[in-house]
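Encoded as structure tokens, the structure appears first; notes follow it.
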Amino acid sequence: MMNFFREKKRHINMVRLLYTLFFLFFSIMSFAQQTALKGVVTEQSTSIPLPGVNVVIKGTTTGTSTDFDGNYQIEVKNGDIIVFTYVGYQAKEITYNGQST
């Protein structure tokens, strides 16, 4: 009878370990999917860099703005919609699908 309880306890501990490893694996995978996206925002007709453009992931508070040379960097994941807004220009939305810039 005592052997039965030992086996049962070992089985429960094994299940707990497997659940812990399972959740740890998926939490690491969710962090690993974020990528640093870098780019330059320019005026379409003249290709002049635009400083101060707001770059925001739609539906979040995650964002940045371009520097003096129009450069930006933001952490994104696949499927994020990136919204670019600038005073006097129409907003532009781009869906991130693994592009490097």
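Some values worked out for this structure:
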| read-out | value |
| --- | --- |
| Selection count, region 65-82, where residues are on the phi < 0 side of the Ramachandran plot and over 14 Å from the mean Cα position of the chain (by Cα) | 7 |
| Leading residue by the ranking (surrounded by the fewest Cβ atoms within 10 Å (Cβ to Cβ)) among those in region 47-65 that are outside any strand (DSSP E or B) and without any contact (Cβ under 8 Å) to a residue 24 or more places away in the chain | 61 |
| Candidate set: region 66-101, residues that are among the hydroxyl-bearing types (Ser, Thr, Tyr) and surrounded by fewer than 16 Cβ atoms within 10 Å (Cβ to Cβ); chosen: the one farthest from residue 33 (Cα to Cα) | 89 |
| Candidate set from region 35-46 (those that are surrounded by fewer than 16 Cβ atoms within 10 Å (Cβ to Cβ) and closer than 19 Å to residue 99 by Cβ); member that is farthest from the chain's Cα centre (by Cα) | 44 |
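No lab work stands behind these numbers, since they all come straight from the coordinates. None of the values given here were measured: they were computed from a predicted structure. Positions of Cβ are backbone-derived with ideal geometry, glycine not excepted, and every protein chain shown enters the neighbour counts.
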